[in-house]
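A short write-up of the structure that comes next.
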């Protein structure tokens, strides 16, 4: 049996053929975030035979994720696994021929270059513009193509960025929307079908790039509104002239990558939770922290994270010191709870 037999139906698509499939099998993709969009993207790329799939996600699973995050099930939630680990476990059972590299981390200026190293394409599975603008900076610096995608309610949009050829995210929107300016999962909700559509478009664009068919990639911003039954495609030709004025496209200004923009805290969409990150902090020994917290509240631990329930809060602590404080969306309150139980 040939190692390509499982992809025979895919290879029968004439523009791909065996040569394109072999290119996909030799390709390397970085999936940034493995929640709703990312789980569909990772699932599609793994089944299509992408040779090396690096999945980066900072979060762990909760029951309300299952409505739209297709890689996971109730057993994954019960196990208390980080999304990247649960995704890798599932994908390895789907395709044992490829390399799956899960990384539990918050993407930041300190690690984005390393995470992107060797990638032929980057695919957006995130839920916030801060990370997207950071990816945009890093991808343009490294000249790596990336695919932007985002969803809210029943609407979603996607756009492919080819450094040196197409407008970038900052050509489309010069700056990230200020906090509170755009709807969130909490305020507008999110439907599973729009996730599947946008993630499938993103995955297809990534596969075109990996197969060596960049000319076939989309050169428009595609917007779906499933509730009002509308599809719009906005040509980006008008933005081509702006590339000459875009400091990111010209390689002269990467404020998100340099750390001049962005923060180390984030209010998590739809979670009533705040993430706190400490890039320069030493690693935390979870076993030692468990001994410290026993008797103060309910403590559970696995190799990837520690959970501590106390009063109205649920603290999830990772070995790198990062923590998700559930039970509040107030950053100051979250920092106070962290300092009280974990340390300053």
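No lab work stands behind these numbers, since they all come straight from the coordinates. Bear in mind that the values here come from a model prediction, so they are computed numbers and not experimental data. When we count neighbours, we look across all protein chains shown, and the Cβ atoms used for this are built from the backbone with ideal geometry, even at glycine.
Listing for the model above:
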read-out	value
Cα-derived Rg over Rh, computed across region 38-197 with Rh taken as Kirkwood radius	0.95
At R0 = 22 Å, FRET efficiency that the Cβ-Cβ distance of residue 261 and residue 47 yields, to 0.05	0.05
Tilt relative to the chain, helix 83-94 - C-alpha long axis, 0 to 90 degrees, to 10	50 degrees
Inter-label distance, nm, simple model (7 Å from Cα along the C-beta direction), residue 244/residue 6	5.0 nm
Of 313, 148, 72, the one that fluctuates the most in a GNM where the chain has Cα springs shorter than 10 Å	313
Rel. contact order, % - alpha carbon contacts under 8 angstrom, at least six apart, region 265-341	33 percent
Potential extension, residue 173-residue 294 segment - 0.36 nm per residue separation minus Cα distance	38.7 nm
Estimated distance in nm for a label pair at residue 99 and residue 200, the labels positioned 7 Å out from Cα along Cα-to-Cβ	3.1 nm
Percent of Cα pairs exceeding the 22 Å cut-off, where the set is region 265-341	16 percent
The chain - mean residue ellipticity at 222 nm from DSSP helices (-39,500 (n - 2.57) per run, n ≥ 4, rounded to 500)	-9500 deg cm²/dmol
Beta bridge orientation in the chain: antiparallel %, DSSP, nearest 5	70 percent
Exposure proxy order (Cβ contacts within 10 Å, fewest to most) of 310, 8, 274	8, 310, 274
Proxy reagent accessibility, fewest Cβ within 10 Å first, across 316, 252, 131	252, 316, 131
Simple label model, 7 Å out from Cα along Cβ direction - residue 230 to residue 13, nm	2.9 nm
Cα radius of gyration and Dmax for region 1-80 (Å)	15.2, 44
Descending semi-axes in whole angstrom, ellipsoid equivalent of the chain, from the Cα gyration tensor	33, 24, 19
log₁₀ of I(q)/I(0) at q = 0.18 Å⁻¹ - region 36-116, Debye sum with one point per alpha carbon	-0.72
Order of 146, 227, 191 under a 10 Å beta carbon neighbour criterion, fewest first	227, 191, 146
